[in-house]
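Data first, discussion second: the structure below is written as structure tokens.
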Amino acid sequence: MPLQEILATYRPPVGGDTWKEAIPDLLADPDDARIVELLRAELTRHGDFREPIVVEPQDRDILNGLHRIAAAVLHEHDGLDVTDTFDDLPPRRRVVVVLAAGAVNSTVVDRLTKILWSFPFAGGWTNCDLMFPGDAEVTGWWHCPEGLDAALGDELVVRAADEGIRLRLISVTDVDEAAA
């Protein structure tokens, strides 16, 4: 779909009523700006994104793809693939990751959510579907390619350490195996 049509048809999910307001608001957050820059680099390397943005046509909502839209606008990209169902996305393997943490409070959880929610991993991106704190641990559900569980756990620990948060990997379990 042409980028200008996306911008005219769908409203931004955060940051204002128009894309002209929303994109600068998004870029004002250093974590969001970092993600947008990584996505711009992906556009430069590959010429497109690996996954379409997901929209809700009737309500004109962006369900998944805000950062990709911002990157495409800044990159002056012509268009993006769009779908109206998550079923059109490539299949993803989900894992439950449990991380030991020292003092878990709302500030730590908010920071971890920003730095661990979505990032490049294993030639693509990983996203966290849900993250919640326990007494001395944080549990989350991430997308992870088969055979890379330990690498994902290590990456989460390193990303947190880079932000001054000490975590230790307790476990990574395939969601389907955990349900069995």
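The values are calculated or read from the model by the stated rules, or taken from the named source; none is laboratory data. A quick note: this is a predicted structure, and the numbers were derived from the prediction, not measured. All Cβ positions, even for glycine, are placed from backbone atoms using ideal geometry, and neighbour counts span all protein chains on display.
When segment 55-92 is examined, which residues are found to be out of contact with any Asp or Glu (no Cβ under 7 Å at 6 or more places or on another chain) and of a type in the set (A, V, I, L, M, F, W, C)?
ILE62, LEU66, ILE69, ALA70, ALA71, ALA72, VAL73, LEU74, LEU80, VAL82, PHE86, listed by residue number.
With the structure loaded, tell me whether ASP135 is at pLDDT below 90, out of contact with any Gly (no Cβ under 8 Å at 6 or more places or on another chain) and over 30 Å from PRO52 (Cβ atoms) or whether it fails that test.
So ASP135 passes the test.
Which of the residues that make up segment 65-74 are surrounded by 17 or more Cβ atoms within 10 Å (Cβ to Cβ) and farther than 12 Å from ILE6 by Cβ? Give the derivation first.
Kept after step one, since they are surrounded by 17 or more Cβ atoms within 10 Å (Cβ to Cβ), are these residues of segment 65-74: 65-73.
Hits for segment 65-74 are HIS67, ALA71.
Kindly evaluate LEU74 against the criterion of being assigned by TED's automatic domain parsing to the domain that holds TYR10 and in a helix (DSSP H, G or I).
Working: assigned by TED's automatic domain parsing to the domain that holds TYR10: yes; in a helix (DSSP H, G or I): yes.
Spelling it out, LEU74 is indeed assigned by TED's automatic domain parsing to the domain that holds TYR10 and in a helix (DSSP H, G or I).
Looking only at segment 1-33, count how many residues are among the hydroxyl-bearing types (Ser, Thr, Tyr) and buried (at least 17 other Cβ atoms within 10 Å of the Cβ).
1
Those residues that are in contact with a strand residue (DSSP E or B) (Cβ under 7 Å, 6 or more places away or on another chain), farther than 17 Å from ASP31 by Cβ and in a loop (DSSP other than H, G, I, E, B), I need them from segment 90-126; list them, please. Give the steps one after another, and end with the answer.
Kept after step one, since they are in contact with a strand residue (DSSP E or B) (Cβ under 7 Å, 6 or more places away or on another chain), are these residues of segment 90-126: 92-101, 104, 108-109, 112-113, 116-119, 125-126.
With the extra rule that they be farther than 17 Å from ASP31 by Cβ, the set shrinks to 92-101, 104.
Result: ARG92, ARG93, VAL104.
Would you mention how many residues in segment 131-151 are surrounded by 13 or more Cβ atoms within 10 Å (Cβ to Cβ) and under 15 Å from LEU112 (Cα atoms)? Steps first, please.
Taking segment 131-151 first, the residues surrounded by 13 or more Cβ atoms within 10 Å (Cβ to Cβ) are 131, 133, 137-145, 148-149, 151.
After this cut, where a residue has to be under 15 Å from LEU112 (Cα atoms) as well, the list is 131, 133, 137-142.
Qualifying residue count for the region: 8.
So, in segment 151-168, exactly how many residues are touching a strand residue (DSSP E or B) at 6+ places or on another chain (Cβ under 9 Å), farther than 12 Å from THR139 by Cβ and not β-branched (Val, Ile, Thr)?
Here the count works out to 10.
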